[in-house]
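The values are calculated or read from the model by the stated rules, or taken from the named source; none is laboratory data. Just so it is clear, the structure is predicted and the values come from calculations on it, not from any experiment. Cβ placement follows ideal geometry from the backbone for every residue including glycine, while neighbour counts extend to all protein chains displayed. What goes into the accessible areas is simple: the full protein's heavy atoms, side chains included, and nothing from ligands, DNA or RNA. Shrake-Rupley method; radii C 1.70, N 1.55, O 1.52, S 1.80 Å.
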Amino acid sequence: MSAPDLHYWLRLCLVPGVGPERQRELLAAFGLPARIFAAGQFALAQVIGERLAKTLQTHDNAAQIEAALAWAREPGNHLLTLADAAYPQALLQIPDPPTLLYAKGCVELLNSPALAVVGARSATPQGAENAEAFARTLSEAGLTIVSGLALGVDAAAHRGALKGQGSTVAVVGTGADRIYPARNDKLAREIAERGVILSEFPLGTPPAAYNFPRRNRIISGLARGVLVVEAAVGSGSLITARMAAEQGREVFAIPGSIHSPQAKGCHMLIKQGAKLVESAQDVLEELRWTGLSSHAAGKAAPQAALQADDESTAFLLHMGFDPVDPDTLVARAGLTPDALFAILTVLELDGRVARLPGGRFQRIN
């Protein structure tokens with residue numbers, strides 16, 4: 001999109017008080033933003049009222065516009081409007097898509113098949129391990145993992161996703177030029193290089209409590225479904241799950257101990273109809289997703305090709321039935337680490353191997 005066109009989109013989106021709903025009303029009434037600003041105040045007032053029409057015509061946001069255009073000229077930075085082909089098509093299906101998005105990184109990921117993984121900021125060690133393990137396996141299956149860059153489950157999900165082929169999208173509740181929380185600075189930079197950071201908020205927007213529920217509708221909107229790993233009853237993750245259901249997305253939840261406060265939100269979701277999942281394979285089956293097999297098999301060494309069931313059986317014999325760490329498996333089976341993890345990924349998806357805390361694995365049937 002040309003700079004003059006972007007100028008008008010930015011001018012529309014940076015007017016205080018004229019939010020996405022009003023912006024869409026104006027676009028429906030007048031067409032592209034240049035036509036909105038060419039319309040007289042009387043015509044604008046018929047759509048958004050006299051006060052907002054006057055604000056739209058008189059508000060000076062030239063400095064913000066220039067700053068955004070300069071940011072978009074930097075390598076890896078993008079401004080995406082509703083009129084752009086690169087705009088995430090999944091968001092066009094939700095009732096309130098953002099008019100303008102700020103993206104930093106690989107924007108092609110925004111139109112790839114995705115699953116959201118969310119949960120508690122104060123995750124238990126087991127919850128963080130589950131989030132990373134599920135995200136890694138789902139990413140290996142070719143799904144892009146969407147989350148919110150928060151501490152706890154979100155950060156673990158992003159880390160797991162970066163280890164697979166699907167990569168990750170971090171939807172933030174600040175400007176795309178800010179990193180919040182600061183403890184995720186290194187992770188955010190890695191996501192910007194190998195995934196994408198996404199925001200609908202203007203550059204420089206600081207973290208504010210009311211930003212995050214708005215952010216959550218984008219997390220769920222980008223995805224085919226939302227997996228809640230851990231959540232207390234009052235968790236913001238439950239807002240994301242509710243929005244997902246309202247948007248027609250699948251909702252999944254991992255059960256936990258009946259004594260854990262961080263499991264009560266997941267249990268509530270399951271009672272309300274969310275799908276209980278115990279493995280990444282459960283999620284993939286519900287989504288009817290078959291995108292992994294060829295990729296994972298292609299990563300394995302020839303002696304570990306899983307198309308032959310007898311070779312899978314031979315590998316499982318090396319595993320035994322007790323929990324075992326990867327180094328021991330490498331020694332037993334005579335595989336490279338890459339080949340080993342390719343095999344384990346497929347067996348985990350088949351429901352034949354479980355990933356345990358501490359990085360160990362166990363044969364389960």
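Here's the yes/no breakdown for (1) charged (D, E, K, R); (2) at pLDDT 95 or above; (3) over 26 Å from G265 (Cβ atoms):
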| residue | (1), (2), (3) |
| --- | --- |
| I179 | no, no, yes |
| A182 | no, no, yes |
| R194 | yes, yes, yes |
| S220 | no, yes, no |
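Which residue out of Q41, Q89, Q57, Q93 is within 23 Å of R214 (Cβ to Cβ), surrounded by fewer than 16 Cβ atoms within 10 Å (Cβ to Cβ), touching a helix residue (DSSP H, G or I) at 6+ places or on another chain (Cβ under 8 Å) and free of Cβ contacts under 8 Å to residues at least 24 places away in the same chain?
Q89
Restricting to the range 295-311, and then to whatever is open to solvent by less than 40 Å² (accessible area, probe 1.4 Å) and assigned to a helix (DSSP H, G or I), can you tell me which residue is modelled with the highest pLDDT?
As a first pass, look at the range 295-311 and keep what is open to solvent by less than 40 Å² (accessible area, probe 1.4 Å): 296-297, 300-301, 304-306, 308.
Now narrow it down to the ones that are assigned to a helix (DSSP H, G or I): 296-297, 304.
Values: A296: 37, A297: 30, A304: 30.
Among residues in the range 295-311 that are open to solvent by less than 40 Å² (accessible area, probe 1.4 Å) and assigned to a helix (DSSP H, G or I), the one modelled with the highest pLDDT is A296.
Restricting attention to the range 312-364, which residues are open to solvent by 60 Å² or more (accessible area, probe 1.4 Å), in a loop (DSSP other than H, G, I, E, B) and either touching a Lys or Arg at 6+ places or on another chain (Cβ under 6 Å) or charged (D, E, K, R) (or both)?
The answer is F321, D322, D350, R360.
Which condition does S147 not pass, out of (1) in contact with a His (Cβ under 7 Å, 6 or more places away or on another chain); (2) open to solvent by 10 Å² or more (accessible area, probe 1.4 Å), if it passes all the others?
(2)
Is there a residue in the range 160-178 that is within 25 Å of E278 (Cβ to Cβ) and aliphatic (A, V, I, L, M)?
Checked the range 160-178: at least one residue is within 25 Å of E278 (Cβ to Cβ) and aliphatic (A, V, I, L, M).
Within the range 231-252, which residues are closer than 25 Å to T124 by Cβ, of a type outside the set (A, V, I, L, M) and open to solvent by 20 Å² or more (accessible area, probe 1.4 Å)?
Correct list: G234, S235, G236, R242, E250.
Only one of L198, L187 is aliphatic (A, V, I, L, M), touching a residue at least 12 places away in the same chain (Cβ under 8 Å) and surrounded by 24 or more Cβ atoms within 10 Å (Cβ to Cβ). Can you tell me which?
Exactly one of L198, L187 is aliphatic (A, V, I, L, M), touching a residue at least 12 places away in the same chain (Cβ under 8 Å) and surrounded by 24 or more Cβ atoms within 10 Å (Cβ to Cβ), namely L198.
Out of the residues in the range 99-137 meeting the condition of being farther than 26 Å from G234 by Cα and part of a loop (DSSP other than H, G, I, E, B), tell me which one is least open to solvent (accessible area, probe 1.4 Å).
Top of the filtered list is T99.
Can you go through G265, G256 and tell me which one is open to solvent by 10 Å² or more (accessible area, probe 1.4 Å) and either outside any helix (DSSP H, G or I) or of a type outside the set (D, E, K, R) (or both)?
Values: G265 fails: open to solvent by 10 Å² or more (accessible area, probe 1.4 Å).
After ruling out the rest, the residue left standing is G256.
What number of residues within the range 165-184 satisfy the criterion of being open to solvent by 20 Å² or more (accessible area, probe 1.4 Å) and within 27 Å of Q262 (Cα to Cα)?
5
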